[in-house]
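All remarks here apply to the structure that follows.
The values are calculated or read from the model by the stated rules, or taken from the named source; none is laboratory data. Remember, it's a predicted structure, so these values are computed and weren't measured experimentally. Positions of Cβ are generated from backbone atoms using ideal geometry, with glycine treated the same way; all protein chains shown enter the neighbour counts. The protein model used for the area step is the full one, side chains on, heavy atoms only, and it has no ligands, DNA or RNA in it. Shrake-Rupley method; radii C 1.70, N 1.55, O 1.52, S 1.80 Å.
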Amino acid sequence: MNRFWTLITHLHTLAGPVMMLLYPLYASVVAIESTSKLDDEQWLAYWILYSFLTLMEMLLQPILEWIPIWYDVKLIFVAWLVLPQFRGAAFIYQKFVKEKLFKKFGGSQQHNSPNGKAN
């Protein structure tokens, strides 16, 4: 039983980096190479949200270390953001960033690509 618990603990520890970094890195490279814009939106939104989550986690660290299930909650939230069945990152981008911020501040949804042409 002790070895089983050790195995579960190691798998739990590895789940975070795999779910939060390795799979999104791989999927981002695949998205860059594809012609679809949907996957680009999903992964750009993911990296924005992951950066925001990491920044908030750094700022709120003294509070979060008192919440014993924080890592599990974060892992479930990131799984929702990442997994293609849910497309959580694209959902949050569509519902909160695109609808609220662009309408509220009147930002243009047209932007320039790196070669200087408008998309």
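Observations
- Remark: spin-label model distance SER34-TRP70 equals 3.4 nm, labels positioned 7 Å along the Cα→Cβ axis.
- For LEU59, the accessible area of its heavy atoms, probed at 1.4 Å with every protein chain present, is near 110 square angstrom.
- Summing Cβ point charges (Lys, Arg +1; Asp, Glu -1) relative to the Cα centre of the chain gives a dipole of roughly 360 debye.
- Carbon plus sulfur fraction of accessible area for segment 1-84, probe 1.4 Å, in percent: 78
- For the residues TRP66, TRP43, TRP80, a GNM of the chain with alpha-carbon springs under 10 Å puts the largest fluctuation on TRP66.
- Relative contact order (percent, whole number), the chain, Cα cutoff 8 Å, 6+ residue spacing: 23
- Segment 33-89: C-alpha gyration tensor shape, a/c 1.5 cut-off, then a/b vs b/c: oblate
- Of ALA27, ILE63, ILE8, farthest towards positive along the dipole that unit charges on Lys, Arg, Asp, Glu beta carbons give segment 1-67: ILE8
- Three-way shape label, segment 1-80, alpha-carbon gyration tensor, a/c 1.5: oblate
- Stokes-Einstein D in µm²/s, Kirkwood radius over Cα pairs - segment 17-62 at 20 °C with 1.002 mPa s viscosity: 187
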